[in-house]
Amino acid sequence: MKTEGTFLGGGHEVGRLGILLNSEGSRLLFDYGMTATDPPLYPSPSPPVDLVFLTHSHLDHCGMLPWLTARYDIDIITTGVTSEIAALLIEDSIKIGKAEGYPQPYDSRDAKIAYRRFDEIMFGDTVNAGRVQVKAHSAGHIPGATMYELQDDRTTLITGDLHTLDSRLVLGAKPVKCDYLIMESTYSGRNHPPRLKTEYSLLKKIEEVTDRGGTAIIPSFAVGRTQELILLLKDSKYEFWLDGMGKSVNRIYLRHPESVRSIKKLRQAINKTREVRNVHARARAAKGDVVLTTSGMLDGGPVLNYVNTVRDDPKSAILLTGYQVEGSNGRKLLETGMMDFQGVSEKVECEVLKFDFSAHAGHDELLAFAKGCEPEKIVLMHGDEREILAGDLRSEGYEVLLPRNGEKFSL
Ligand SMILES: [Zn+2]
């Protein structure tokens with residue numbers, strides 16, 4: 001089998017992924033996302049394809065699917081939980097796009113067409129894509145996140161976003177023996193601190209904040225991070241509130257028990273969570289011990305109300321729990337102690353800290369995963385510093401390709 005590939009986006013960068021593969025006459029597209037920056041970034045226009053595979057629901061992987069299904073008569077293979085969360089995130093991005101006033105690549109009517117084209121696959125299942133078979137494996141990144149294995153006389157594994165360590169919410173991905181490996185490399189050159197240590201320091205900090213009479217505001221991504229954090233908080237003594245999109249995501253996860261590590265524990269955690277459903281509850285939550293809310297990078301959503309309430313209170317704290325992308329309000333707060341409230345930059349006096357709860361494999365984990373797959377050739381993607389990991393892999397004897405967006409590669 002000969003496979004030709006091109007990145008429509010997300011090759012030499014993190015975000016807007018689109019991997020076009022032509023294998024045995026089948027034209028396959030893996031992910032088609034957008035980078036939700038200001039202004040948003042889109043991948044190159046996709047030519048017609050036979051079938052689309054979606055690895056997971058983050059917008060940089062699914063955000064351009066409605067553009068595709070508005071033009072071509074094609075199905076999108078993905079897990080059930082991914083299809084529901086993708087719909088939720090796409091709807092939200094249409095709303096944000098309208099508010100920001102950028103020209104939109106599609107409208108909500110196009111999006112509805114996309115949702116009807118989702119075709120469910122489960123881990124371990126195989127689908128036919130022309131002469132090629134494609135098998136789904138768990139990628140460990142967030143619930144439902146999938147790696148796809150193309151099977152012919154040779155096999156190719158596409159990881160999507162990858163996490164190999166177990167978290168409270170999902171079990172880590174296991175290597176799959178393959179001839180060719182197309183692997184994400186977001187954390188090339190960087191490692192994460194051990195998760196247990198990060199969890200311990202977050203709990204320690206919450207204790208300190210509540211002991212001094214303050215409130216801990218925890219901005220967290222609605223998809224995955226929020227649920228991991230309520231699983232951590234469920235056995236603590238703190239009263240924790242949840243506001244924003246995480247509430248809808250909780251309900252979707254409960255409908256897909258197969259997608260999480262322990263539905264029993266997640267249900268217990270959700271039952272202990274106080275949901276903010278109206279303004280009165282919002283006022284009570286702002287005086288509580290802990291508030292988990294979106295957006296995770298402080299770029300909008302209910303988190304701004306909470307931050308506004310605590311920002312002059314030195315007893316309270318803002319505890320960031322995810323990567324803060326360049327240009328985000330969260331990054332600005334970390335670097336300058338200032339952040340934007342409705343377009344006005346203002347000083348934040350309360351304590352601000354960041355905790356590394358990444359859902360991506362770190363450098364050493366990526367290296368170990370690649371070795372475990374025993375491939376003959378590796379394509380690194382979805383990274384802006386791929387060379388560091390490529391160097392380590394090459395010194396172990398692997399052939400490594402680093403195609404940039406638009407550059408053809410052969411497997
Ligand atoms: Zn992701």
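The values are calculated or read from the model by the stated rules, or taken from the named source; none is laboratory data. Owing to the predicted nature of the structure, the values given are computational and were not obtained by experimental measurement. All Cβ positions, even for glycine, are placed from backbone atoms using ideal geometry, and neighbour counts span all protein chains on display. These accessible areas exclude ligands, DNA and RNA; they are computed on the full protein's heavy atoms, side chains included. Shrake-Rupley method; radii C 1.70, N 1.55, O 1.52, S 1.80 Å.
For region 21-38, how many residues are under 22 Å from residue 103 (Cβ atoms) and open to solvent by 70 Å² or more (accessible area, probe 1.4 Å)?
Looking only at that region, the number is 2.
So, residue 167, is that one within 16 Å of the ligand (Cβ to nearest atom), more than 14 Å from the chain's Cα centre (by Cα), touching a residue at least 24 places away in the same chain (Cβ under 8 Å) and more than 23 Å from residue 126 (Cβ to Cβ) or not?
When the stated conditions are applied, residue 167 passes them.
Looking only at strands (runs of 3 or more DSSP E) that lie completely in region 90-153, which have at least 2 residues being away from the ligand (no atom under 16 Å from the Cβ) and among the charged types (D, E, K, R)?
Strands (runs of 3 or more DSSP E) meeting the threshold: 118-120.
Where residues in region 238-269 are open to solvent by less than 20 Å² (accessible area, probe 1.4 Å), in a helix (DSSP H, G or I) and not aromatic (Phe, Trp, Tyr), which of them is nearest to residue 142 (Cα to Cα)?
259
Keeping to region 72-118, report how many residues are surrounded by fewer than 13 Cβ atoms within 10 Å (Cβ to Cβ) and either under 23 Å from residue 150 (Cβ atoms) or modelled with pLDDT of 95 or more (or both).
Final tally of qualifying residues: 3.
Go over the candidates 353, 334 one by one and state the one that is in contact with a Leu (Cβ under 6 Å, 6 or more places away or on another chain) and either touching a residue at least 60 places away in the same chain (Cβ under 8 Å) or farther than 20 Å from residue 143 by Cα (or both).
353
Do you know which of the residues in region 396-411 that are more than 8 Å from residue 377 (Cβ to Cβ) and in a loop (DSSP other than H, G, I, E, B) is least open to solvent (accessible area, probe 1.4 Å)?
In this case the residue turns out to be 403.
Answer with yes or no whether residue 384 is exposed (fewer than 15 other Cβ atoms within 10 Å of the Cβ) and closer than 25 Å to residue 195 by Cβ.
yes
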